[in-house]
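Everything below concerns the one structure shown next.
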Amino acid sequence: MNKLKKYNNLGDIYETIGEERFGYVAYILTILMICAPLVAGVINMFMLRDSYSFITPYDAYNYNYKCMTLWNVIFSLMLMWIGVYILGKFKYNGKGMIGVLQAIRTGQRWLLWWLALLIWTVIPVACSVDPIGAIFGVAQLASGYISHIYMLGVMGCVYLISDERLKANVAWIFMIVTDVLSLVMLSFEYDIPFFRMFSAAPGVSVYTNSNHYGYIITMASLTIVSMYYICIYDETVERCKEKKIFCIVSLMLQSFAIVVNDTLGSYLAIVLVIVIIPFVWLYRTKRFSIEILLPIFILAFFTYLSYKGYIYTKLGSSIGSSLVEFVRDLFMVSHKSEGFEHAGTDRIGLWIETIRKIKQRPIVGYGPDIICERNGNYILWNTPHNEFLECAFFLGIPGLIMYLGGLVHLCVIKIKQIKNLSFFALLTAGVIIGYLASSFFGVRKFNTVCYFFMFIGLLISKTKKEE
């Protein structure tokens, strides 16, 4: 009883014994989220066998929607834990939501932009041609109002992981899982029977289109490169030689996967960041090593093989041919040649049409995930394939300003702190920049963007000070 008397409220208990436990639970939930595509693939493998199949005929796409339910449960658990965290740390200290806002204002001010976006989204939902669809969104997309809450929950959950060792484990496990998923993707491309069953459809596990998986390869490749740099520059890394070898092998696998995958936007994002981040690491460490150029050579080697036609793909296309087409498209667009709207696999025409539609409803947009009216008439013939235009189309220009405001504010804060950032913070920053670069060409997917928010959570999480 005497021990209990010293705790005046739940907040005191959290401050005294709760932080480490919160961090471990957040760590476990994060690992579950990372492994979810693998779990879905294993279930899919058994369901494809006649003796285990209970869906006749087996519908891979229907199954993927069921996978989304699993993901929803995981995200809901994260959100519940964040709720407990907020109550334990703020409300029972007598501050309530004011305490939450005060903590954000003094620690993570950039989050005020995204909280404002969460509030603003209510207006596009209310003004949408399909409010119910705008609230829940399309199962595979991540623009619905509920999806936005989920993603903030993911970020908040990962934020609780303050132990550097646990954060490094998150990166290593992410690398291992994505290595396996890349092997699955390659098995689909080259018709390897056993692993072929692991794929839910023409893609990878819950990624119903292999091109959608390309955006995961972006984050995976840049994670591997940065972990490789950490092994070079951080003398405290245990078993450094073995980890460097693993990073090199993984990078070779992911480089091969991206040229076969032929997702040009993801490839260009990897090239952009893989060229820039060595200079950032040199500025941060003041030490040059020829080893930091190895990732560039590996990617260039596989690109050359693809360009020369030495890498066969099932669809007959690869990054080599796509780069040639990309250069031709640039000339078409710059000169506005006939048919330039079809450049970038019709993306230019789609972007032009999206901008035209945004001008018709610049303030409230059309509502999250709404490209079709309830009567079946299409407002836009496809999703914008540009996450920033997508944000303006769904949530209006104010929504885009709030979203970009949070990202720009976060970037400014971290650039000012670059001399004091840990090596792991540099890793997460590189991955985030790579994802944002690829998002100029991509679709916001529910089973992809969660990793983006995971890395933001890792970037802003506090480092546990050694006793």
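Side notes on the structure shown:
- Scan of the stretch 199-226 for residues that are farther than 11 Å from residue 261 by Cβ, among the hydrophobic types (A, V, I, L, M, F, W, C), at pLDDT below 55 and crowded, with 24+ Cβ neighbours inside 10 Å, ordered by number: 200
- The sole residue among 123, 98, 119 that is over 15 Å from residue 150 (Cβ atoms), surrounded by fewer than 17 Cβ atoms within 10 Å (Cβ to Cβ) and either touching a helix residue (DSSP H, G or I) at 6+ places or on another chain (Cβ under 6 Å) or modelled with pLDDT of 75 or more (or both) is 119.
- Figure legend. Inter-residue proximity from the stretch 28-43: first residues in contact (Cβ under 8 Å) with a residue 12 or more places away in the chain, second residues surrounded by 16 or more Cβ atoms within 10 Å (Cβ to Cβ) and among the polar types (S, T, N, Q), beta-carbon distance below 6 Å, spacing 6+ or different chains. Indicated pairs: 37/205; 40/205; 41/205.
- Test: residue in the stretch 240-257 that is on the phi > 0 side of the Ramachandran plot and either in a loop (DSSP other than H, G, I, E, B) or surrounded by 16 or more Cβ atoms within 10 Å (Cβ to Cβ) (or both): no
- Flag for residue 393 being in contact (Cβ under 8 Å) with a residue 24 or more places away in the chain, part of a helix (DSSP H, G or I) and over 18 Å from the mean Cα position of the chain (by Cα): yes
- Residue match in the stretch 359-372 (condition: closer than 30 Å to residue 132 by Cα, surrounded by fewer than 20 Cβ atoms within 10 Å (Cβ to Cβ) and at pLDDT below 80): yes
- Yes/no for residue 188 being of a type in the set (Phe, Trp, Tyr) and either in contact with a strand residue (DSSP E or B) (Cβ under 7 Å, 6 or more places away or on another chain) or at pLDDT below 70 (or both): no
- Within the span defined as the stretch 413-423, one or more residues are within 19 Å of residue 173 (Cα to Cα) and in a helix (DSSP H, G or I).
The values are calculated or read from the model by the stated rules, or taken from the named source; none is laboratory data. Everything quoted here is computed from the prediction, not taken from an experiment. FYI the Cβ positions are ideal-geometry reconstructions off the backbone, even for glycines, and counts take in every protein chain you see.
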